[in-house]
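Quick notes on the structure that follows.
The values are calculated or read from the model by the stated rules, or taken from the named source; none is laboratory data. From a predicted model like this one, the values you see are computed outputs, not experimental measurements. Positions of Cβ are generated from backbone atoms using ideal geometry, with glycine treated the same way; all protein chains shown enter the neighbour counts. Keep in mind that these areas ignore ligands, DNA and RNA; they rest on the heavy atoms of the full protein, side chains included. Shrake-Rupley method; radii C 1.70, N 1.55, O 1.52, S 1.80 Å.
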Protein chains: 2
Amino acid sequence: MLSERQETILNIVKEQSPITGQHIAAQLHVTRAALRSDLAILTMLGLIDARPKLGYFFTGNKEKDLLARIITNIRVESCLSQPVIVGEHTSAYDAVIAMFTEDVGTVFVGTDNILAGVVSRKDLLKTALGNNDLKALPVRMVMTPSSKLIYVEPQEQALVAAQRLMEYEVDCLPVVHVLDRDEEDRKELQIVGRISKTNITRLFVECGLGRRS
Amino acid sequence: MLSERQETILNIVKEQSPITGQHIAAQLHVTRAALRSDLAILTMLGLIDARPKLGYFFTGNKEKDLLARIITNIRVESCLSQPVIVGEHTSAYDAVIAMFTEDVGTVFVGTDNILAGVVSRKDLLKTALGNNDLKALPVRMVMTPSSKLIYVEPQEQALVAAQRLMEYEVDCLPVVHVLDRDEEDRKELQIVGRISKTNITRLFVECGLGRRS
């Protein structure tokens, strides 16, 4: 993006600011006039700043801000996956089978797309270890109920989803529309998808390959 | 980063290229001379390109390239986690316990930090489901042996690690130094860490908050 000379100037300002245009020119063995357009570019890009009688200052890394701006523009709805949903009366055993059949790490429990709970590979492994008969155990005895669940809405930033995945130490979040409260004044959550660390890893790859902007 | 007028010019060029400076000036109700510095900036940033007798062309999105450049600069060694290692004679049951105690989804199997294999939550859930006695079953009967393993080296790009996680559909890769071959001409892999979709999700958050550059 910057020319080699602009990078050199940027480094000089970074290390020696405040520094006058005269001194920069002297170090590059060119005239002050020869530097005018490069200094104008660096100033307009917000990478350096000129202050009267002092010279040029380095004003920080705008590249980081740009990266942050691109990433914060990505919405959950543009990178979610299809949910895998089992009924509330499914056995824990059949929930594991759905997990392996669909090759997901997290299964949602619900009726008519209304979220009742979430069950993860970790929940089921813990249950299996407890010598439970998974075929006789209803999945709702193992799941995290929706009242305790962390979720994300489709219009939220993928960055927010990633922060929640990290903060609550879960592999996957339900993506839901929050509907009006039901007769017992509980929020109803309509399942529209799921977003996992796998989706975020795919986003990272897409950004790294220049396929997101 | 760009001024409002520069963004406007960029949009005009994007939609109407090739377009002459004269025509851009007419649409903005300014003189050609008033646009000179803005056009110079956009050209030097590589966002537009001027061709004699034709005018200005839009030359693509350099922001994407910049994002890709920042991400490709991140090395595995700057974002790996500590490995959790159990001995080859550990039982599958004790491997699950290590997994829960250390709160990881993947445990490495090895002796003296030389990788023998990897066992995941998914492997152990599948084994538990098969009505096996996990306490009597050595973890090496369940693990993926190192000869079939995908790994990553510390100096490789985090982007490459993320691509391997996606391509091989695993949650975690061992980070290893590849040592000289042993007497049976097998590569020896010295464990130095692990990198998982959790690490990549954390990187994504750091990039999105402007904490990586």
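The single residue among A:ALA128, A:ALA158, A:ALA136 that is over 17 Å from A:SER196 (Cα atoms) and surrounded by 18 or more Cβ atoms within 10 Å (Cβ to Cβ) turns out to be A:ALA128.
Here B:LYS53 clears all of (1) out of contact with any strand residue (DSSP E or B) (no Cβ under 8 Å at 6 or more places or on another chain); (2) open to solvent by less than 60 Å² (accessible area, probe 1.4 Å); (3) away from chain A (no Cβ under 14 Å); (4) assigned to a loop (DSSP other than H, G, I, E, B) except the condition numbered (2).
This table checks each residue for (1) within 30 Å of A:ARG211 (Cβ to Cβ); (2) within 14 Å of chain A (Cβ to nearest Cβ).
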residue: B:LEU10; (1), (2): yes, yes
residue: B:VAL13; (1), (2): yes, no
residue: B:LEU28; (1), (2): no, no
residue: B:LEU45; (1), (2): yes, yes
residue: B:THR72; (1), (2): yes, yes
residue: B:SER81; (1), (2): yes, yes
residue: B:VAL104; (1), (2): no, yes
residue: B:PHE108; (1), (2): no, no
residue: B:ASP112; (1), (2): no, no
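The rows are residues; the columns are (1) in contact with a strand residue (DSSP E or B) (Cβ under 6 Å, 6 or more places away or on another chain); (2) in a helix (DSSP H, G or I); (3) not polar (S, T, N, Q).
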position: A:VAL104; (1), (2), (3): no, no, yes
position: A:PHE108; (1), (2), (3): yes, no, yes
position: A:GLY117; (1), (2), (3): yes, no, yes
position: A:LEU124; (1), (2), (3): no, yes, yes
position: A:ASN131; (1), (2), (3): no, no, no
position: A:ALA136; (1), (2), (3): no, no, yes
position: A:ALA161; (1), (2), (3): yes, yes, yes
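Within the stretch B:143-159, the residues that satisfy the criterion of being among the charged types (D, E, K, R) and more than 14 Å from chain A (Cβ to nearest Cβ) are B:LYS148, B:GLU153. Is it the case that some residue within the stretch B:18-25 is closer than 30 Å to A:GLY130 by Cα and loosely packed, with under 15 Cβ neighbours inside 10 Å? No, there is no match, as no residue in the stretch B:18-25 is closer than 30 Å to A:GLY130 by Cα and loosely packed, with under 15 Cβ neighbours inside 10 Å. Going by the conditions given, is A:SER147 over 22 Å from A:VAL192 (Cα atoms), surrounded by fewer than 20 Cβ atoms within 10 Å (Cβ to Cβ) and either touching a His at 6+ places or on another chain (Cβ under 7 Å) or of a type in the set (Ser, Thr, Tyr) (or both)? So A:SER147 fails the test.
Conditions tested, residue by residue: (1) within 24 Å of B:ARG36 (Cα to Cα); (2) touching a residue at least 12 places away in the same chain (Cβ under 8 Å).
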position	(1), (2)
A:SER3	yes, yes
A:GLU7	yes, no
A:VAL13	no, yes
A:GLN16	no, no
A:ILE24	no, yes
A:HIS29	no, no
A:ALA34	yes, no
A:ALA40	yes, no
A:MET44	yes, no
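Do we find a residue being more than 30 Å from A:VAL139 (Cα to Cα) and either more than 8 Å from chain B (Cβ to nearest Cβ) or at pLDDT below 85 (or both) anywhere in the stretch A:84-93? So far as the stretch A:84-93 goes, no, none of its residues is more than 30 Å from A:VAL139 (Cα to Cα) and either more than 8 Å from chain B (Cβ to nearest Cβ) or at pLDDT below 85 (or both).
Residues in the stretch A:160-176: is at least one more than 19 Å from A:THR72 (Cα to Cα), away from chain B (no Cβ under 14 Å) and modelled with pLDDT of 95 or more? Step through it out loud before you land on a result.
We begin by selecting, within the stretch A:160-176, every residue more than 19 Å from A:THR72 (Cα to Cα); these are A:168-172, A:174, A:176.
Right, trim to away from chain B (no Cβ under 14 Å) and you get A:174, A:176.
Retained after the next criterion (residues that are modelled with pLDDT of 95 or more): A:174, A:176.
Looking for residues that are more than 19 Å from A:THR72 (Cα to Cα), away from chain B (no Cβ under 14 Å) and modelled with pLDDT of 95 or more, one finds at least one in the stretch A:160-176, hence yes.
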